[in-house]
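Contents: one structure, followed by commentary.
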Amino acid sequence: MDAGSEGQTDAGGGGKRAAVIFNPVKQGVDELRAAVSEIESEQGYGPTLWIETTEEDPGAGQAREAVEEQVDLIISAGGDGTVRAVAEGLDGASIPVGLIPLGTGNLFARNLDIPVNDIPGAVALAFTGADRKVDVLRARVRRPDGKTESEVSLVMSGIGFDAAMIANTDPDLKKRVGWLAYVDAGIRAIPNSAPFRVAHRMDDGRTHRSRVASVLIANLGYLPGNLELIPDAAIDDGQLDVVRLQPRNFWGWLMVWRKIAWENRVLRKTALGRQLIDLTGGNKRREVVYSSGQSIDVVIDGEPQEFEIDGEEMGVITAARFVVDARALTVRVTEPPKDKPADEPATDDPKEVVEE
């Protein structure tokens with residue numbers, strides 16, 4: 001716990017209390033403190049509880065501490081890794097989470113239209129915004145030694161090329177140019193990327209085998225630069241979306257880029273554009289293949305592959321199972337959510353993948 005929060009009570013404010021879980025190495029913490037101090041009493045909150053993350057615990061333990069303190073609002077201040085850890089620590093608790101984007105990609109915040117590069121605006125939204133329930137993806141992965149680990153994903157996980165790109169990103173370049181460093185890493189990784197074979201099964205259905213460069217399991221559809229990877233993805237639809245990248249050569253990679261940067265982002269927006277996609281065979285090409293459901297099993301044939309979750313390098317794995325936990329996290333957003341029933345979440349627990 002941050003020393004500045006010791007002994008605080010809500011005597012100076014109202015009956016409610018917020019907790020800020022923050023990464024102390026991020027830029028903007030001083031501005032964040034000032035913004036929170038200015039708005040907390042105006043909104044009927046007592047002095048805020050400030051809890052620092054650490055290298056050993058990036059937010060899960062801090063979220064559990066905030067739950068034990070019975071706070072009314074948790075503010076996650078950091079990048080996608082911080083909010084992911086907070087969601088893991090909440091483990092289904094209904095306390096709303098406000099987002100203060102202080103990371104590089106901030107994909108989760110961007111897909112929810114949270115103000116980026118505007119700390120006072122994001123703080124105001126955290127205290128006054130509408131509550132929206134969004135999906136959480138829960139994963140169980142198997143390591144080469146046979147051990148299994150459980151993880152949480154809010155944005156997107158990748159097996160193969162995507163994860164290798166994350167692993168090869170220059171940290172100094174990332175600090176200087178942000179998400180553009182991933183583009184540099186991707187260009188450098190393509191010549192060395194080797195396809196691999198996977199067995200995959202959606203919703204405990206038939207097992208299919210594919211030769212892929214990467215398998216992406218996503219909770220949302222937009223990438224940095226307003227690139228639309230998955231046009232139909234929704235963060236609260238009770239579904240996870242799977243993308244298999246299957247380029248066979250450099251031309252295939254160009255087709256992947258065409259799909260994401262041109263067809264999805266531009267052509268699909270109009271009826272004429274969709275007709276053009278049909279006429280040029282865009283819907284029949286197999287470089288990018290989509291599927292969706294409430295769970296997926298993936299078993300890797302051959303050598304273990306690199307794995308990443310929400311832009312964080314996670315080592316190598318031999319298998320993974322992802323299950324959607326429908327509308328399990330409450331976040332503060334600008335617009336109130338539409339009234340619609342959530343799809344029923346998968347009822348089976350994440351389990352170790354066994355190839356059929």
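The values are calculated or read from the model by the stated rules, or taken from the named source; none is laboratory data. Everything quoted here is computed from the prediction, not taken from an experiment. Cβ atoms come from the backbone with ideal geometry, glycine included; neighbour counts cover every protein chain shown. Heads up: the accessible areas ignore ligands, DNA and RNA and are worked out on the full protein's heavy atoms, side chains in. Shrake-Rupley method; radii C 1.70, N 1.55, O 1.52, S 1.80 Å.
See the values below:
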quantity	calculated
Helices (runs of 4 or more DSSP H) (entirely within the stretch 22-110) containing at least 2 residues that are crowded, with 24+ Cβ neighbours inside 10 Å, under 15 Å from the mean Cα position of the chain (by Cα) and among the aliphatic types (A, V, I, L, M)	80-90
Flag for G12 being farther than 19 Å from D131 by Cβ, open to solvent by 20 Å² or more (accessible area, probe 1.4 Å) and modelled with pLDDT under 90	yes
Meets criteria (over 16 Å from the mean Cα position of the chain (by Cα) and at pLDDT below 95) for A122	no
Pair list, Cβ < 6 Å and 6+ apart or interchain, from the stretch 75-90 residues that are more than 14 Å from D57 (Cβ to Cβ) to residues that are among the aromatic types (F, W, Y)	A77/F22; D80/F108; V83/F108
